[in-house]
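K.L.:
Sharing a structure, written as structure tokens. Questions coming.
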Protein chains: 2
Amino acid sequence: MEKKIFNKFLKERGQKFTKERSAILQRIFSYHGHFDTESLYLKIRETGLKASRASVYRTLNLLRECGLIEKVTKTEHGTIYEYTFGHEHHDHMLCIGCGTIIEFYSEDLERLQENICRRQDFKGVTHSLEIRGYCKRCQKNKK
Amino acid sequence: MEKKIFNKFLKERGQKFTKERSAILQRIFSYHGHFDTESLYLKIRETGLKASRASVYRTLNLLRECGLIEKVTKTEHGTIYEYTFGHEHHDHMLCIGCGTIIEFYSEDLERLQENICRRQDFKGVTHSLEIRGYCKRCQKNKK
DNA sequence: ATTGATATTGAGAATCAGTCTCAATTATGG
DNA sequence: CCATAATTGAGACTGATTCTCAATATCAAT
Ligand SMILES: [Mn+2]
Ligand SMILES: [Mn+2]
Ligand SMILES: [Zn+2]
Ligand SMILES: [Zn+2]
């Protein structure tokens with residue numbers, strides 16, 4: 001399914017659906033969640049498939065333009081992406097203690113943001129809300 | 001006022017309030033808003049004061065720890081900070097067209113976020129909400 | 001004011017994610 | 001199969017940020 005979408009996207013731009021791009025897409029699809037560029041690159045090597053770092057970076061940009069993945073956040077160690085096709089929009093809590101990412105979605109929150117944009121004559125396209133703090137477990141460990 | 005705070009912060013850690021740190025703080029204070037590291041560095045040179053890039057980076061980190069400034073966002077061209085002391089908390093809309101930053105604050109939004117955290121047993125410390133889209137002017141220009 | 005212990009500075013080296021180069025290779029429509 | 005244009009990958013490059021370390025500045029105690 002996602003292959004079809006990517007293929008169509010590439011065709012429309014006169015670009016090619018190569019082995020490397022296929023390998024990258026396949027691996028990302030296997031995550032069904034968050035991943036960073038370097039892990040992705042290493043995972044691909046591990047599994048015998050091949051694609052250079054350059055191709056991984058290039059393909060991630062294509063997949064983003066195509067709408068299959070999104071940047072979640074930039075850490076000191078690189079950009080974190082997530083596979084979004086077939087996943088509902090959501091925002092993130094990030095535990096400062098252990099790095100855990102909690103996903104959440106609130107209809108009220110989304111609606112409220114739309115109202116705020118309207119009030120400012122701003123046409124919102126995307127947004128990212130990241131709440132940093134301590135997860136349940138890390139709160140306990142601190143005591 | 002902000003000098004006093006920074007000074008106290010440094011003393012408590014056995015650190016020194018040097019000419020360079022003073023120059024950097026002074027310049028930041030003159031912005032009363034958003035700024036990026038490189039502009040800050042250049043501005044300091046322009047005005048005859050002196051501080052190396054290394055000192056600017058080091059001092060920005062200190063000021064952040066001290067709570068006088070905050071990171072707003074990371075762009076491809078570097079980190080953007082803002083002076084927060086004496087300014088109320090707010091979030092940002094970022095125009096994809098022209099780069100304009102609009103600040104906004106919503107009591108409802110803040111309260112809603114707190115509720116969401118509570119529901120997940122998450123202890124929120126900070127958050128950043130960035131809405132990307134098109135400002136009033138850029139919406140017009142597109143037509 | 002002098003001293004001494006400690007923190008800071010700055011020039012340039014180092015780091016590191018991400019991008020670019022370009023010659024060799026591959027996909028694709030006909 | 002062919003021709004053409006896109007892609008690949010190794011390694012060079014970029015640009016922001018951090019690190020190194022010898023020279024210098026700060027400051028509390030004398
Ligand atoms: Mn997610
Ligand atoms: Mn602001
Ligand atoms: Zn945690
Ligand atoms: Zn605009």
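K.L.:
Among the candidates B:GLU65, B:GLU107, B:GLU88, B:GLU70, single out the residue that is surrounded by 13 or more Cβ atoms within 10 Å (Cβ to Cβ), more than 10 Å from every other protein chain (Cβ to nearest Cβ) and of a type in the set (D, E, K, R). Working first, answer last.
P.N.:
Numbers: B:GLU65 fails: surrounded by 13 or more Cβ atoms within 10 Å (Cβ to Cβ); B:GLU107 fails: surrounded by 13 or more Cβ atoms within 10 Å (Cβ to Cβ); B:GLU88 fails: surrounded by 13 or more Cβ atoms within 10 Å (Cβ to Cβ).
Matching residue, one of B:GLU65, B:GLU107, B:GLU88, B:GLU70: B:GLU70.
K.L.:
Does region A:91-104 hold any residues that are open to solvent by 70 Å² or more (accessible area, probe 1.4 Å) and either facing chain B (nearest Cβ under 7 Å) or under 22 Å from B:GLU103 (Cα atoms) (or both), and which are they? Break it down stepwise before answering.
P.N.:
Step one: list which residues in region A:91-104 are open to solvent by 70 Å² or more (accessible area, probe 1.4 Å), which gives A:96, A:103.
The one that is open to solvent by 70 Å² or more (accessible area, probe 1.4 Å) and either facing chain B (nearest Cβ under 7 Å) or under 22 Å from B:GLU103 (Cα atoms) (or both): A:ILE96.
K.L.:
Here's a follow-up. Within region A:9-31, is even one residue away from ligand 3 (no atom under 16 Å from the Cβ), within 14 Å of chain B (Cβ to nearest Cβ) and acidic (Asp, Glu)? Give the derivation first.
P.N.:
First, pick out the residues of region A:9-31 that are away from ligand 3 (no atom under 16 Å from the Cβ): A:9-31.
Filter again for within 14 Å of chain B (Cβ to nearest Cβ), leaving none.
No, the conditions are met nowhere in region A:9-31.
K.L.:
When both residues are 6+ apart or on different chains and their Cβ atoms are under 7 Å apart, which pairs have a first residue that lies in region B:127-140 and is at the interface with chain A (Cβ under 7 Å from one of its Cβ atoms), and a second that is hydroxyl-bearing (Ser, Thr, Tyr) and more than 16 Å from DNA strand D (Cβ to nearest atom)?
P.N.:
Listed pairs, sorted by first residue: B:GLU130/A:SER128; B:ARG132/A:THR126; B:CYS135/B:THR100.
K.L.:
Step by step: first the residues of region B:110-143, then only those that are closer than 10 Å to B:GLY97 by Cα and under 23 Å from the mean Cα position of the chain (by Cα), then the one that is surrounded by the fewest Cβ atoms within 10 Å (Cβ to Cβ). Which residue is that?
P.N.:
If we filter region B:110-143 for residues that are closer than 10 Å to B:GLY97 by Cα, which is where we start, we get B:132-135, B:137-139, B:141-142.
Right, trim to under 23 Å from the mean Cα position of the chain (by Cα) and you get B:132-135.
Details: B:ARG132: 15, B:GLY133: 19, B:TYR134: 21, B:CYS135: 22.
If we take residues in region B:110-143 being closer than 10 Å to B:GLY97 by Cα and under 23 Å from the mean Cα position of the chain (by Cα), then B:ARG132 is surrounded by the fewest Cβ atoms within 10 Å (Cβ to Cβ).
The values are calculated or read from the model by the stated rules, or taken from the named source; none is laboratory data. Just so you know, these numbers come straight off a predicted model, no measurement behind them. Counting neighbours? That spans all protein chains shown, and the Cβs are built from the backbone with ideal geometry, glycine included. Areas reflect the complete protein model, heavy atoms only, side chains present, ligands, DNA and RNA absent. Shrake-Rupley method; radii C 1.70, N 1.55, O 1.52, S 1.80 Å.
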